[in-house]
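Undergrad: Input: one structure, supplied below.
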Amino acid sequence: MSMGAKFENEDRGLGVDAELGEALKNFRSNVHAWSEAEYGRARQVKTVHELSWRVAAGWALGCVLAAGSVTGILYERHHQLELQKTAAAEQAARQQKLEAEQRASKEDEDLLAKVDSDVSREVPSAMEPLAQLMSENEAQ
């Protein structure tokens, strides 16, 4: 039994509208005509050569992008390390400068204390022998 006969039997049995049956027959014949036209048409077969260069170009572009990303990440990491080294060197230089200033300040204070002790004698140097005699007399 063909498909057309089957649709005709179903149309009568189900009471389906004659227009619907006609539309389905037209659709079926159009599908068959389209299928026959597609089967009869010459196909264009893509050769391996056409596909292979596209695949190779895609892989090459992907590899270039991956390498560029990795290179960019490595450069950024190197740049951050250089900045850290520079900051550490500046911090060490500031620390050394501060320590040198503290040493200079301490040396200045020591020098001023020595000058103060040299300048502030109890007895002037010209009267020192007399002061020694007086301290001997008091001790006796």
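What follows is calculated from the coordinates using simple rules that are stated; it is not laboratory data. If you're wondering where the values come from, they're calculated on a predicted model, not measured in any experiment. Every residue, glycine as well, gets a Cβ built from its backbone with ideal geometry; the counts of neighbours run over all protein chains shown.
Undergrad: If we count every other residue with Cβ under 13 angstrom of K106's Cβ, Lys/Arg +1 and Asp/Glu -1, where does the sum land?
TA: With Lys, Arg at +1 and Asp, Glu at -1, the net is -4.
Undergrad: A further question follows. Kindly write out, for segment 21-36 in residue order, the coupling ³J(HN,Hα) from the Karplus curve 6.51 cos²θ - 1.76 cosθ + 1.60 (θ = phi - 60°), rounded to whole Hz, with x marking Gly and Pro.
TA: Result, ordered by residue: x, 5, 5, 5, 5, 5, 4, 4, 5, 5, 4, 5, 5, 5, 4, 4 Hz.
Undergrad: Another one. Sorted by average packing, counted as other Cβ atoms within 10 angstrom per residue and highest first, what order do 20-29, 57-66 take?
TA: 20-29, 57-66
Undergrad: Bin by bin, in steps of 5 Å, what percent of the Cα pairs in segment 59-140 do you find, going until the bin that has the longest distance?
TA: 3, 11, 7, 8, 7, 6, 7, 5, 6, 5, 5, 5, 4, 4, 3, 3, 3, 2, 2, 2, 1, 1, 0
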